[in-house]
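Okay, so here's the structure we're looking at.
The values are calculated or read from the model by the stated rules, or taken from the named source; none is laboratory data. These figures come from a predicted structure and were not determined experimentally. A quick note on method: Cβ atoms are made from the backbone with ideal geometry, for glycine too, and the neighbour counts reach across all protein chains shown. Surface accessibility is based on the protein's heavy atoms, side chains included, excluding ligands, DNA and RNA. Shrake-Rupley method; radii C 1.70, N 1.55, O 1.52, S 1.80 Å.
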Amino acid sequence: MSDIAQLEQELLAAAAAAADEAALETVRVAALGRNGSITALLKTLGGMTPDERKVRGPAINGLKDSVTAALGARRDALKSAALDARLATETVDVTLPVRDAPTDAGRVHPISQVIDELTAIFADMGFAVAEGPDIETDDYNFTKLNFPEGHPAREMHDTFYFPPKPDGSRMLLRTHTSPVQIRTMLKQKPPIRVIIPGRTYRSDSDQTHTPMFHQVEGLVIDKGAHLGHLKWILEEFCKAFFEVDQVKMRFRPSYFPFTEPSLEVDIQCKRDKGEVRFGEGEDWLEILGCGMVHSNVLHNCGLDPDEVQGFAWGLGIDRIAMLKYGMPDLRAFFEADVRWLSYYGFRPLDFPTLAGGLSP
């Protein structure tokens, strides 16, 4: 625990020493940003044993609460000091409208918000976060995932390929985050419990598709993993993410090269006046694909299907963000329109937690 206590002292001292809001924001990002020191500690919870998590979990969450409170208190003090300084030196034209400070006007993009929500939900279930490169090899993106030669997904109309190398091979922009599953299984021994959020690329563009979009996939590899576990995880995720007490889900047979059996999942919903509400109604909406990891994929990663098995699932982050927050057009996500972001964005310090609520 000494490392947590030392980190807390350092961050509290840095917050107290921040001379202005820009410096304080730098401290916040270094501590609580996507690659911050406290965020890194939170990501380790998924890889801990239950006994370790009981000890380290409260300490890490206590560190986060302490630093967040210190940042808020310091920000209030800086604002008060800045106001006093302005009142002492400036003449204010009271007929002009008051403008928000840049730090107040800034917003977190809905994609970043939803990724934080996903991470919070699955971390509570014991999942770690895995990441990988956007530029992939054909082997990791297709071959090791049991895509046979000549499969339509390998063709140019779906995949963005780079120019051929001297040996004839070509790199590509990954068409899904599944290559990270391969990388994880190659370097980590079971049991494995990871989620994989990230950017993916396909040659497609319309109201509900863009050439670059975001996916999150989950992977569990263990000796006793089975479809019952998969169904429970997906049900608990949907209840937590859409913030409803109960959901009904429908699993339909499907086909994916890397899973067998493969399933597509529909969730019960109600469509009313252009809105989609979950946990009620008589309609169904397809939300994700899943299945048991194909034995060929396990073989390709050096795992014995007679010893271990696993399941995986994947869904579009952009799509579930649209469903949850009522956004009608996917293309607006990437147009950098400040007016759109000010309407749909989230305040920077409103961190999603299961205890405090995912949606600010």
Per-residue ellipticity at 222 nm attributable to helices in the chain (runs of n ≥ 4 DSSP H, -39500 (n - 2.57) apiece, nearest 500 deg cm²/dmol) works out to -12500 deg cm²/dmol
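For a test of the definition: using alpha carbon positions, the gyration tensor, and the 1.5 limit on a/c, classify the stretch 149-248 as rounded, prolate or oblate. Walk me through the intermediate numbers first.
Working: a/c = 2.87, a/b = 1.49, b/c = 1.92.
Here the stretch 149-248 falls in the oblate category.
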Additional length obtainable on full extension of the chain from Asp65 to Arg170, 0.36 nm per residue less Cα span: 33.1 nm
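What relative contact order, as a whole-number percentage, does the stretch 276-351 give when Cα pairs under 8 Å and 6 or more residues apart are counted? Please report the intermediate quantities before stating the final value.
Numbers: 39 pairs, mean separation 18.4, N = 76.
Averaging sequence separation for qualifying contacts and normalising by length gives 24 percent for the stretch 276-351.
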What is the distance in Å between the Cα centres of the stretch 99-114 and the stretch 32-50? 23 Å
Distance in Å, no decimals, from the C-alpha centre of the stretch 59-77 to the one of the stretch 255-285 is 39 Å
Tell me which residues come under 5 Å, amide H to amide H, from Gly291 once H is placed; ignore anything under 5 positions away on its chain. Leu263, Ala312
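Place a +1 charge on the Cβ of each Lys and Arg in the stretch 122-240 and a -1 charge on the Cβ of each Asp and Glu, then give the dipole magnitude about the Cα centre in debye, rounded to the nearest 20. Write out the running numbers ahead of the final one.
Working: 14 positive and 16 negative charges, 80 e Å.
The dipole of the stretch 122-240 has a size of about 380 debye.
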If unit charges are put on Cβ atoms (+1 for Lys and Arg, -1 for Asp and Glu) and the dipole of the chain is taken about its Cα centre, the option from Leu45, Gly314, Thr89 lying farthest towards the positive end turns out to be Leu45
Pull up all non-local amide H partners of Thr200: gap of 5 or more, or a different chain, and H-to-H distance under 5 Å with H placed in the peptide plane. Phe213, His214, Gln215
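Counting heavy atoms of the protein chains only and a 1.4 Å probe, report the per residue accessible area for the stretch 23-135 as a whole number of Å². Walk me through the numbers before you get to the answer.
Values: 6280 Å² over 113 residues.
Per-residue value: 56 Å².
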Under 13 Å, Cβ to Cβ, from Ala82 - net charge with Lys/Arg +1 and Asp/Glu -1: -2
Vicinal HN-Hα couplings computed from phi for the stretch 128-138 (Karplus, 6.51 cos²θ - 1.76 cosθ + 1.60; Hz; Gly/Pro x): 8, 9, 10, 9, x, x, 6, 8, 10, 8, 4
So which residue, out of Asp245, Asp158, Asp100, gets the largest mean-square fluctuation from a GNM of the chain using Cα contacts under 10 Å as springs? Asp100
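Per the 1.4 Å probe, what fraction of the accessible area of the stretch 183-253, in percent, lies on carbon and sulfur atoms? Walk me through the intermediate numbers first.
On the way: 1760 of 3720 Å².
In the stretch 183-253, the share of accessible area belonging to carbon and sulfur is 47 percent.
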Under the 7 Å Cα-to-Cβ spin-label approximation, Asp134 and Asp51 lie apart by a distance in nanometres of 4.4 nm
Under the 7 Å Cα-to-Cβ spin-label approximation, Asp100 and Glu280 lie apart by a distance in nanometres of 3.1 nm
In whole Hz and in residue order, list the ³J(HN,Hα) couplings for the stretch 326-341 that follow from phi through the Karplus curve 6.51 cos²θ - 1.76 cosθ + 1.60, θ = phi - 60°; x for Gly and Pro. x, 9, x, 9, 5, 4, 5, 4, 10, 8, 6, 8, 4, 5, 5, 5
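When the chain is fully extended, how far beyond the present Cα-Cα distance does Glu149 get from Phe251, taking 0.36 nm per residue of separation?
Numbers: separation 102, 0.36 × 102 = 36.72 nm, distance 2.91 nm.
33.8 nm is the gain from fully extending Glu149 to Phe251.
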Just to confirm a number: summing +1 for Lys and Arg and -1 for Asp and Glu over residues other than Val67 whose beta-carbon lies under 13 angstrom from that of Val67, what do you get? +1
HN-Hα J in Hz across the stretch 93-104 - Karplus 6.51, -1.76, 1.60, θ = phi - 60°, x for Gly and Pro: 8, 5, 7, 8, x, 7, 9, 5, 5, x, 5, 7
With a 1.4 Å probe and every protein chain left in place, work out the accessible area per residue of the stretch 234-343 in Å², rounded to a whole number. 51 Å²
Using unit Cβ charges (K, R positive; D, E negative) and no other charged atoms, how large, in debye to the nearest 20, is the dipole of the chain about its Cα centre? 240 debye
